[in-house]
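This report refers to the structure that appears directly beneath it.
The values are calculated or read from the model by the stated rules, or taken from the named source; none is laboratory data. On a predicted model such as this, the values are computed, not experimentally measured, just so you know. Here the Cβ positions follow ideal geometry from the backbone for every residue, glycine too, while neighbour counts run over all protein chains shown. Surface accessibility is based on the protein's heavy atoms, side chains included, excluding ligands, DNA and RNA. Shrake-Rupley method; radii C 1.70, N 1.55, O 1.52, S 1.80 Å.
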Amino acid sequence: MNEREKSLESLKKMIFQAGELSDVEWEAFAACWHPVDYRRKTTLTTAGDIERYLYYVIDGVQRAYYVGEGKRDATLIFSYTGSMSGIIDSFQLQKPSLYYLETLTTSRLLRISYADFNRVLGTYPALERWGRIGTAAAMSGLMERYIELMTFSAEEKFRVLLTRSPHVLQLIPHKYLASYLGLDPTTFSKLLASVKL
C-alpha cells in the first residue's frame, strides 16, 4: 500500500464513523482527495480570501486564528492528525474568510476542492448526509467552546483542555494554547505549574 492509499484508508475510517458508504460512493469521493505537503508556518488561507479546499490531516498541526485591532491574534481552533481542517464556513458558503489558517508544524494533508466536494455531495445522498452531520458536529463543538470561553474561569478552561486533549501540551506551543483559552501566557504558565489532574 503506497502513501496515498494509506492516507485514504485513514480518511475512510474517519468518514465511515458517521455511516457506511457503498463502494461506488467511497471510490467517487476518494478520487477527489489529493495529497499535499506544507512546511511549518505556511499560511494556507488568508483573511479575505475564499477557502478553496477542505483538508484531512494525515500528519501535523494547524491553527485557525483571527487578527484583531493592534495586530493581536486569537487562536480559534487547532487541527491535527486524524481531523478535518480548513476554514469551513468560507469553504461551504464560498464567502471571504474572516480568519487565517496556518501550519504550526510540517504538515501532510489530503485536500478536496470546493468544486469536487460540491459535485460528489450533490450526486450521492450518503455523502451529503456525511457533510451535514460533520457540519452539525463542528457547530456543536464550537457552541460548547463558546460556553467555556464565556462562563468558565481560567482554571476551569485549563482543566477542560487538559481533560479533553492532554496530548496538545506536547504538540502545540504554549503561547498558542494560551491564546486558544483566552489567557495571557503568564497565566497559562502559572496554571501549567499549579494545576494537577
Selection count where residues are open to solvent by 60 Å² or more (accessible area, probe 1.4 Å) and either assigned to a loop (DSSP other than H, G, I, E, B) or without any contact (Cβ under 8 Å) to a residue 40 or more places away in the chain (or both), scope region 25-53
7
Inspect all residues belonging to region 97-111 and state whether any of them is without any contact (Cβ under 8 Å) to a residue 24 or more places away in the chain, charged (D, E, K, R), more than 17 Å from Met14 (Cβ to Cβ) and open to solvent by less than 80 Å² (accessible area, probe 1.4 Å).
no
Restricting to region 54-96, and then to whatever is open to solvent by 40 Å² or more (accessible area, probe 1.4 Å) and among the polar types (S, T, N, Q), can you tell me which residue is farthest from Gln17 (Cα to Cα)?
Gln94
So Phe188 fits all but one of (1) surrounded by fewer than 13 Cβ atoms within 10 Å (Cβ to Cβ); (2) over 18 Å from the mean Cα position of the chain (by Cα); what number is the exception?
(1)
Scanning region 146-176 residue by residue, the ones that are open to solvent by less than 70 Å² (accessible area, probe 1.4 Å), in contact (Cβ under 8 Å) with a residue 24 or more places away in the chain and part of a helix (DSSP H, G or I) total 7
Does any residue in region 184-197 that is touching a residue at least 12 places away in the same chain (Cβ under 8 Å) come within less than 6 Å, Cβ to Cβ, of a residue that is aliphatic (A, V, I, L, M) and part of a helix (DSSP H, G or I) six or more places away or on a different chain, and which pairs are these?
Thr187/Ala154; Phe188/Ala178; Leu197/Leu162
